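The values are calculated or read from the model by the stated rules, or taken from the named source; none is laboratory data. As the structure is a computational prediction, the values presented were derived from the model and not from experiment. Cβ coordinates were reconstructed from backbone atoms using ideal geometry, including for glycine residues, and neighbour counts include every protein chain displayed.
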Amino acid sequence: MLRSLFHFLWIGIALFAAERWLAADPAPEPVSIPQARVEELSALFLARAGRPPGPAELEGLLLAEVHDELLYREALRKGFDRDDPVVQQRLVRNMQFARAGGGGAGSVGQDDAPDAAALYAEALELGMDRSDPVVRRRLIQRMRFAIEARALATPPTDADLRAHYEANLADYREPARVRLVQLYFDGDPAGEAAAALARLRRAGAGPEAPADVGEPFLLGIEQPSQSQRELGERFGADFAAGVFAAPAGEWSGPLASSYGQHLVWIREHTPEVQRSFEDSLDSVRHAVVAERRRRELDGELRRLRDGVQVVVAGS
């Protein structure tokens with residue numbers, strides 16, 4: 001009697017385990033990136049940056065490719081391809097073009113042309129929604145928006161905004177700025193700029209220096225108020241650093257730029273200013289919402305990547 005009881009108990013355990021195993025979700029389909037796509041991504045990077053991608057940069061490109069594929073699959077799973085007007089219009093146009101033999105929708109007679117619903121249904125039967133690159137991009141974009149929209153369900157509170165502001169004060173500072181006059185000397189092989197500086201100082205000349213001092217300069221003599229970063233972008237970092245170290249109200253230099261040598265007269269130094277929370281509110285709110293959207297998308301991508309095998313050709 002006891003032996004029969006154990007026998008039936010083990011049969012029950014085995015049946016339960018088999019049922020759980022059969023009901024388990026199948027392993028997710030691997031994401032495969034063919035060699036041709038790897039080469040295409042590398043070529044696109046080369047065209048933008050003027051050099052091939054490094055290992056870390058290529059890894060980032062491939063990860064973005066994996067994310068796009070996972071977002072595309074999720075959009076299909078949610079049926080976004082079946083209720084999207086942009087997708088529908090694209091597939092209808094594709095079918096019209098295909099039926100016209102590549103000659104365009106106008107080649108089909110008005111009387112025998114099928115309606116849009118029939119063309120759309122036929123496109124789905126042919127799998128065009130799975131092969132068209134425009135449809136793919138649209139679905140990936142829509143899936144991203146749908147995920148990021150979750151971050152907007154609850155608006156940030158005043159406490160959230162203030163906490164972000166206090167943690168990122170440097171992002172809400174107005175940088176120090178300088179307004180100046182410059183005199184340009186091209187190349188200055190014989191120290192002409194230094195000699196001109198001595199003459200200006202002996203004459204007690206102000207920023208309205210004689211017209212014959214220096215040479216014509218494309219960016220102009222009067223320079224508007226600029227931060228050190230902005231000035232560095234126009235003239236070079238060393239020149240910008242020299243300008244910000246120069247005293248106001250007198251001629252200084254020569255300072256070397258990416259163009260040549262310059263004498264400078266600082267009209268005005270404006271110190272760095274910390275913008276108040278109230279003055280920064282719009283920027284703070286935008287930053288908080290953007291960070292929430294990014295976190296929401298990153299979290300969903302981690303979930304979608306979980307357990308997914310990635311196969312990169314040639315790796």
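Which condition from (1) in contact (Cβ under 8 Å) with a residue 40 or more places away in the chain; (2) surrounded by 13 or more Cβ atoms within 10 Å (Cβ to Cβ); (3) not in a helix (DSSP H, G or I) is the one that Gly187 breaks?
(2)
Looking at the range 163-179 only, could you name the residues that are more than 13 Å from Val273 (Cβ to Cβ) and modelled with pLDDT of 95 or more?
Ala163, His164, Tyr165, Glu166, Ala167, Asn168, Val178, Arg179, listed by residue number.
Limited to the range 224-244, what total is found for residues that are surrounded by 19 or more Cβ atoms within 10 Å (Cβ to Cβ), of a type outside the set (Val, Ile, Thr) and more than 10 Å from Ala256 (Cα to Cα)?
Result for the range 224-244: 3.
Can you spot a residue in the range 206-220 that is in a helix (DSSP H, G or I) and without any contact (Cβ under 8 Å) to a residue 24 or more places away in the chain? Outline the logic, then answer.
Kept after step one, since they are in a helix (DSSP H, G or I), are these residues of the range 206-220: none.
Looking through the range 206-220, none of the residues is in a helix (DSSP H, G or I) and without any contact (Cβ under 8 Å) to a residue 24 or more places away in the chain.
Can you run down the residue pairs with Cβ atoms below 9 Å, 6 or more apart or on separate chains, where the first is in the range 53-72 and touching a residue at least 24 places away in the same chain (Cβ under 8 Å) and the partner is of a type in the set (Val, Ile, Thr) and in a helix (DSSP H, G or I)?
So the pair list comes out as Leu62/Val38; Glu65/Val38; His67/Ile140; Asp68/Ile140; Glu69/Ile140; Leu71/Ile140; Leu71/Ile147; Tyr72/Ile140.
Sort out which residues of the range 132-149 are in contact with a Leu (Cβ under 8 Å, 6 or more places away or on another chain), hydrophobic (A, V, I, L, M, F, W, C) and closer than 24 Å to Val92 by Cα, and write them in order of number.
Within the range 132-149, Val135, Leu139, Ile140, Met143 meet the criteria.
Out of the residues in the range 133-184 meeting the condition of being closer than 30 Å to Glu208 by Cα and assigned to a loop (DSSP other than H, G, I, E, B), tell me which one is nearest to the chain's Cα centre (by Cα). Break it down into steps so the answer makes sense when it comes.
Quick first cut of the range 133-184, residues closer than 30 Å to Glu208 by Cα only: 174-184.
Still in the list and also assigned to a loop (DSSP other than H, G, I, E, B): 175-176.
Values: Pro175: 24, Ala176: 28 Å.
This residue is Pro175.
Which of the following residues is basic (Lys, Arg), part of a helix (DSSP H, G or I) and either assigned by TED's automatic domain parsing to the domain that holds Asp186 or at pLDDT 95 or above (or both): Arg234, Arg267?
Arg234
Which of the residues that make up the range 130-160 are surrounded by 11 or more Cβ atoms within 10 Å (Cβ to Cβ) and either among the β-branched types (Val, Ile, Thr) or closer than 19 Å to Ala100 by Cα (or both)?
Result: Asp132, Val134, Val135, Ile140, Ile147.
Which condition does Ala248 not pass, out of (1) modelled with pLDDT of 95 or more; (2) under 19 Å from Arg177 (Cα atoms), if it passes all the others?
(1)
All but one of (1) more than 27 Å from Pro210 (Cα to Cα); (2) free of Cβ contacts under 8 Å to residues at least 24 places away in the same chain; (3) assigned to a loop (DSSP other than H, G, I, E, B) hold for Phe277, so report the exception by its number.
Against the list (1) more than 27 Å from Pro210 (Cα to Cα); (2) free of Cβ contacts under 8 Å to residues at least 24 places away in the same chain; (3) assigned to a loop (DSSP other than H, G, I, E, B), Phe277 comes up short only on (2).
Just checking, how many residues over the range 285-310 are under 14 Å from Ala64 (Cα atoms) and in contact with a strand residue (DSSP E or B) (Cβ under 8 Å, 6 or more places away or on another chain)?
Of the residues in the range 285-310, 1 are under 14 Å from Ala64 (Cα atoms) and in contact with a strand residue (DSSP E or B) (Cβ under 8 Å, 6 or more places away or on another chain).
Return only the number of the condition from (1) surrounded by 11 or more Cβ atoms within 10 Å (Cβ to Cβ); (2) within 23 Å of Leu126 (Cβ to Cβ) that Phe45 does not satisfy.
Only one criterion is unmet by Phe45, namely (2).
When residues of the range 221-249 are filtered for being touching a Phe, Trp or Tyr at 6+ places or on another chain (Cβ under 8 Å) and without any contact (Cβ under 8 Å) to a residue 12 or more places away in the chain, how many remain?
Going through the range 221-249 one residue at a time, the tally reaches 1.
Every residue in the range 186-217 that is among the acidic types (Asp, Glu) and closer than 12 Å to Leu263 by Cβ, please.
Hits for the range 186-217 are Asp188, Glu192, Glu215.
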